[in-house]
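Remarks on the structure that follows.
Every number here is computed from the coordinates shown, using simple stated rules; none is lab data. Note that the structure is a prediction, hence the values are computed from the model and not measured.
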């Protein structure tokens, strides 16, 4: 299964490292106490664009792009997306 349901069905497995938390906060300015829960909610949003490229999932919603390892479900990083108007 290589569609977005593979990721959404396993959203409870999302996790990150301490360095990942620091990187995500630095790159996005997210101040939520629980970064993993924030990412989980973002992945599960109906408007979240999810696609897989190689070994990673990419999830885009609310101006944020998450990079998630497809095998381990580790949130590697997040970045704000520039407006493409």
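For the chain, what does the helix formula give at 222 nm: sum of -39500 (n - 2.57) over DSSP H segments with n ≥ 4, over the residue count, nearest 500 deg cm²/dmol?
Numbers: 3 runs with 26 residues, N = 85.
After summing the helix terms and dividing by residue count, I get -8500 deg cm²/dmol.
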Q | Relative contact order %, the stretch 4-80, counting alpha carbon pairs below 8 Å whose residues are six or more apart | A | 32
Q: Calculate the length of the line joining the C-alpha centroid of the stretch 1-21 to that of the stretch 48-68, in whole Å.
A: 10
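Hey, any idea what the orientation-averaged projected area of the convex hull of the stretch 4-80's Cα atoms comes to, in nm²? Intermediate results must be reported in sequence, preceding the final value.
Details: hull surface 17.8 nm².
If you wrap the Cα atoms of the stretch 4-80 in a convex hull and average its projections, you get 4.4 nm².
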